[in-house]
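The values are calculated or read from the model by the stated rules, or taken from the named source; none is laboratory data. Computed from a predicted structure; not experimentally measured. Here Cβ is always computed from backbone atoms with ideal geometry, including for glycine, and neighbour counts include all displayed protein chains.
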Amino acid sequence: MLLEEVGDAITVDRLGYAEFFAANPFLIWREPSAERTRLQLAGLLPTALSYQAAPERYANRRTRLRSDLAGLAAWGFLRIDSVDQRLACSLSAQGRAVASSLDSVYGEAYRLAVSLVLPKLRNVSNVQLNRLALQWLDIENLRIDLLDSEYGIDLDGQGRLL
């Protein structure tokens, strides 16, 4: 449904941001606003448990995105493209037909969220988009790289980060 709204090819990085924040729009609209009210009237809840641990959920979702896109491409719903020499994708005709046929209360609420989130992502550089994501996720330059961390083993065999 997200790619249906985008229309043209979108880079996988931007798609990842758009997909996550459309599914979690109250990370953007935390304070009372017209957008927040519209989302609530559409049936989305700002108090949903899914808003807990958003940075971790974002990181997990980003790792799954490429495999999800590969599956959609394998089924013929997605075209692989390139935008500014970056991996990008767009809906195929078959994907557009399937996406337009999806009809549910949540689907309509998600479409509304997409229509509100996408304009926030347009016309911003990749650097600005990264900064916005950090702000919306409410983290200050949090970087976790377990492969680059020192790892120690204590005597009882339990691993711990040093």
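From Leu39, Leu45, Leu3, grab the single residue that is surrounded by 16 or more Cβ atoms within 10 Å (Cβ to Cβ), out of contact with any helix residue (DSSP H, G or I) (no Cβ under 6 Å at 6 or more places or on another chain) and within 18 Å of Val114 (Cα to Cα).
Details: Leu39 fails: out of contact with any helix residue (DSSP H, G or I) (no Cβ under 6 Å at 6 or more places or on another chain); Leu45 fails: surrounded by 16 or more Cβ atoms within 10 Å (Cβ to Cβ).
Checking each option against the conditions leaves just Leu3.
Looking at Ser100, is it assigned to a helix (DSSP H, G or I), in contact (Cβ under 8 Å) with a residue 24 or more places away in the chain, among the hydroxyl-bearing types (Ser, Thr, Tyr) and farther than 27 Å from Asp138 by Cβ? It is true that Ser100 is assigned to a helix (DSSP H, G or I), in contact (Cβ under 8 Å) with a residue 24 or more places away in the chain, among the hydroxyl-bearing types (Ser, Thr, Tyr) and farther than 27 Å from Asp138 by Cβ.
The one condition from (1) touching a residue at least 40 places away in the same chain (Cβ under 8 Å); (2) surrounded by fewer than 18 Cβ atoms within 10 Å (Cβ to Cβ); (3) in contact with a Lys or Arg (Cβ under 9 Å, 6 or more places away or on another chain) that Ile28 does not meet is (2). Taken as a whole, the range 73-87 holds no residue that is under 30 Å from Leu39 (Cα atoms), among the hydroxyl-bearing types (Ser, Thr, Tyr) and at pLDDT 85 or above.
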